[in-house]
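Take a look at the structure below.
The values are calculated or read from the model by the stated rules, or taken from the named source; none is laboratory data. Keep in mind the model is a prediction, meaning the values are calculated, not measured. Methodologically, a virtual Cβ is constructed for each residue, glycine included, from the backbone with ideal geometry; neighbour enumeration extends over all protein chains shown. Side chains included, ligands, DNA and RNA excluded: accessible areas come from the protein's heavy atoms. Shrake-Rupley method; radii C 1.70, N 1.55, O 1.52, S 1.80 Å.
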Amino acid sequence: MTLHPSADVEDGWVLDSFHSLGCYLLCAPSKHKASASAEEAGINFMFPSYVNMADGGCAAKVTRTIEKCRDGGKVEGIPDDLTSHGLRVSAADEMMFNVYLPFFAAIARGGWDCKADTMLFFYLTLKLHMATAGKALAGWADPTKPVVAPTLEAIYDDSNRDVIENFCHELFQDSPISALLSDPKKLKGFRSRMVASLLMYYTNVKKTLGSDCDIIKTVRFKWIDCGLDQRDLEKYGDKIKERFLIDNATSLAAGSGTREEQLEKAVAGLQKIAVKNAAGMSRLENKVDSMSEDMSELMEAAEDWNHLGTWDCAKLLKLCLKHKEDFDHEHFLRGKLEKNNSGNRTKKSRAVAVLKELKRVAMEASAGNQIYFHYRYVPTRDNIEERNNYFDNVGELAKKWTTTAKNEWYNDYKSKNNIPDSGKEYTKYIKKKSNQKMNVGMNVGALGSFLEGVKTKKPT
């Protein structure tokens, strides 16, 4: 269950399913709490009053609950004609208007039948679709991206781990399912996520509902009873929230604007956290680097390959590696350049010629340079520092190899055309060579054209 909403808004706790379940287990009247009776032969229901209901019974019960909240509970903002069906329709709209959510995921979450030819695929991936659609309903901008739940690891250290574990145990000790919540093989992990959510939103709930609300008093009193410093309660909650924001920075980049603008907003948010919490600087720097790489690759993905002739060799090699283009393969640049176009065929042939010459020069310098000419050697996104260093090396080395290759081409031309070491023809040759050294004509198109004829005629 990774349905946590954005933690950078004050009322995020309202949509947080773990927070709601924690409040339910701790504060609901005992007759409504989770069931663990012997008569049920070990079957435990989180909501026993919803078990074995007739068709339509659950919808009717939800509608009655809505009416009680609106009329008796005086919950603000509930429309007069809202029913459980209205919630379902709104949820369907929320999913279908999310441009990133697969159509199958909305079908799965809505519980509709799937009669398409892909029914087998649909059922085999049902859990994935359900989770993805759940994230869309929880407000994530792109529900296809991974989400990490709040974690107590953000506050654990060698001195407090046992005390906090005891707090988790004591907090739910009076729950009918306390044994399940304490069992590492059953619901202990679930319990830890609930506690993390309760602590993460503690300050926001206290601000909204007041210090005397049941959930705030329950958490605070248990915290103090377990020997923990009350002053650490909100501080630990902030640490959990900061960790949550860092772990989910890319997914939290929501709102209007292009994806690049959303990522820039997220990077700015992380930098604010970095200023506030210097202890987490290393982790934040890695995340910022990763997101900066996201932004870079988004812009590179939008590159028009029809203009590759104007790129320098370093840019061509980098993009081929990032887009998994193998210049030794017959399908090189398929899908990047329009087919049946003589101009594009020329661009492709010149790109291949230039890249092969770079590889020849690189391999003559060191056999180890082969790692810079095939995408299988590119470090993964999990090793962002290593990946950045790899592409920095590609850029620097490609420029060096380009200069070396061109010098060799000119020397070869001079030898084959018997150009003397002095005189008018030599002066013209030196001028051309000097211009090339100053990066005149260093783009892929010019280099490819130059390479096609340099060994048989004068360079142009």
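Among the residues of the range 138-186, count how many are acidic (D, E) and farther than 15 Å from D225 by Cα.
Selection size over the range 138-186: 5.
Quickly run through the range 72-99 and pick out the residues that are open to solvent by less than 80 Å² (accessible area, probe 1.4 Å), closer than 27 Å to T132 by Cα and part of a helix (DSSP H, G or I).
S84, G86, V89, S90, A91, A92, D93, M95 - these are the residues of the range 72-99 that are open to solvent by less than 80 Å² (accessible area, probe 1.4 Å), closer than 27 Å to T132 by Cα and part of a helix (DSSP H, G or I).
For the range 307-341: of the residues being of a type in the set (K, R) and in a loop (DSSP other than H, G, I, E, B), which is nearest to the chain's Cα centre (by Cα)?
Among residues in the range 307-341 that are of a type in the set (K, R) and in a loop (DSSP other than H, G, I, E, B), the one nearest to the chain's Cα centre (by Cα) is K324.
If I go through the range 22-71 residue by residue, how many of them are at pLDDT 60 or above, in a helix (DSSP H, G or I) and not basic (K, R)?
Going through the range 22-71 one residue at a time, the tally reaches 20.
Evaluate the following for N393: is it on the phi > 0 side of the Ramachandran plot and free of Cβ contacts under 8 Å to residues at least 24 places away in the same chain?
No: the conditions fail for N393.
Quick grid of which residues meet (1) of a type in the set (V, I, T); (2) touching an Asp or Glu at 6+ places or on another chain (Cβ under 6 Å); (3) under 24 Å from A154 (Cβ atoms):
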residue: P176; (1), (2), (3): no, no, no
residue: L180; (1), (2), (3): no, no, no
residue: D183; (1), (2), (3): no, no, yes
residue: K186; (1), (2), (3): no, no, yes
residue: R193; (1), (2), (3): no, no, yes
residue: M200; (1), (2), (3): no, no, yes
residue: T203; (1), (2), (3): yes, yes, yes
residue: K207; (1), (2), (3): no, no, yes
residue: D214; (1), (2), (3): no, no, no
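Please count how many residues of the range 175-194 are part of a helix (DSSP H, G or I) and farther than 13 Å from E165 by Cβ. Write out each step before concluding.
Of all residues in the range 175-194, those part of a helix (DSSP H, G or I) come to 178-182, 188-194.
Checking which are farther than 13 Å from E165 by Cβ leaves us with 178-180, 190, 193-194.
Qualifying residue count for the region: 6.
Here's the yes/no breakdown for (1) of a type in the set (K, R); (2) surrounded by 15 or more Cβ atoms within 10 Å (Cβ to Cβ); (3) closer than 20 Å to F332 by Cα:
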| residue | (1), (2), (3) |
| --- | --- |
| V361 | no, yes, no |
| E364 | no, no, no |
| G368 | no, no, no |
| Y377 | no, no, yes |
| T380 | no, no, no |
| E385 | no, no, no |
| N388 | no, yes, no |
| N393 | no, no, no |
| A405 | no, yes, no |
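Just to be sure I understand the filter: pairs with C-beta atoms under 9 Å, separated by 6 or more residues or on different chains, first member in the range 218-237 and part of a helix (DSSP H, G or I), second member surrounded by 13 or more Cβ atoms within 10 Å (Cβ to Cβ) and acidic (D, E). Which pairs pass?
If the second residue must be surrounded by 13 or more Cβ atoms within 10 Å (Cβ to Cβ) and acidic (D, E), the pairs left are K222/E170; W223/D232; D225/E170.
Looking at the structure I just gave you, is K186 over 19 Å from K235 (Cβ atoms) and in contact with a Leu (Cβ under 6 Å, 6 or more places away or on another chain)?
Considered against the rule, which asks whether it is over 19 Å from K235 (Cβ atoms) and in contact with a Leu (Cβ under 6 Å, 6 or more places away or on another chain), K186 comes out as yes.
Can you find even one residue in the range 371-380 that is modelled with pLDDT of 80 or more, of a type outside the set (D, E), within 27 Å of G343 (Cβ to Cβ) and not in a loop (DSSP other than H, G, I, E, B)?
Checked the range 371-380: at least one residue is modelled with pLDDT of 80 or more, of a type outside the set (D, E), within 27 Å of G343 (Cβ to Cβ) and not in a loop (DSSP other than H, G, I, E, B).
Taking the condition farther than 27 Å from I246 by Cβ, open to solvent by 70 Å² or more (accessible area, probe 1.4 Å) and either at pLDDT 90 or above or touching a helix residue (DSSP H, G or I) at 6+ places or on another chain (Cβ under 6 Å) (or both), does K186 pass?
yes
For the range 203-246, give me each residue that is open to solvent by 40 Å² or more (accessible area, probe 1.4 Å) and aromatic (F, W, Y).
F221 - this is the single residue of the range 203-246 that is open to solvent by 40 Å² or more (accessible area, probe 1.4 Å) and aromatic (F, W, Y).
Take the range 418-439 and flag every residue that is outside any helix (DSSP H, G or I) and either at pLDDT 75 or above or in contact with a helix residue (DSSP H, G or I) (Cβ under 6 Å, 6 or more places away or on another chain) (or both).
Result: N418, I419, P420, D421, S422, G423.
What pairs come out if I take residues in the range 156-180 that are within 19 Å of L198 (Cα to Cα) and at pLDDT 85 or above and pair them with residues that are of a type outside the set (V, I, T) and in a loop (DSSP other than H, G, I, E, B) whose C-beta lies under 6 Å away, six or more apart or interchain?
Note: pairs meeting the criteria are N166/C226; F167/C226; E170/C226.
Given the residues K339, K322, K348, K356, which is the only one that is open to solvent by 60 Å² or more (accessible area, probe 1.4 Å) and touching a residue at least 24 places away in the same chain (Cβ under 8 Å)?
None of the other options fit; the residue is K356.
Yes or no: L245 over 25 Å from the mean Cα position of the chain (by Cα) and either closer than 25 Å to L180 by Cα or not polar (S, T, N, Q) (or both)? Please lay out each step first, then the result.
Details: over 25 Å from the mean Cα position of the chain (by Cα): no; either closer than 25 Å to L180 by Cα or not polar (S, T, N, Q) (or both): yes.
In short, no.
For the range 138-177, enumerate the residues that are within 20 Å of C27 (Cβ to Cβ) and among the charged types (D, E, K, R). I'd like the intermediate steps shown before the answer.
Keep residues of the range 138-177 that are within 20 Å of C27 (Cβ to Cβ), which gives 150, 167-177.
Within the range 138-177, E170, D174 qualify.
Any residue in the range 400-417 that is within 15 Å of V354 (Cβ to Cβ) and of a type outside the set (D, E) sitting within a Cβ distance under 7 Å of a residue that is at pLDDT below 75 and open to solvent by less than 10 Å² (accessible area, probe 1.4 Å)? List the pairs, counting only those 6 or more apart or interchain.
Here the result reads W409/V454, each pair linking the range 400-417 to a residue that is at pLDDT below 75 and open to solvent by less than 10 Å² (accessible area, probe 1.4 Å).
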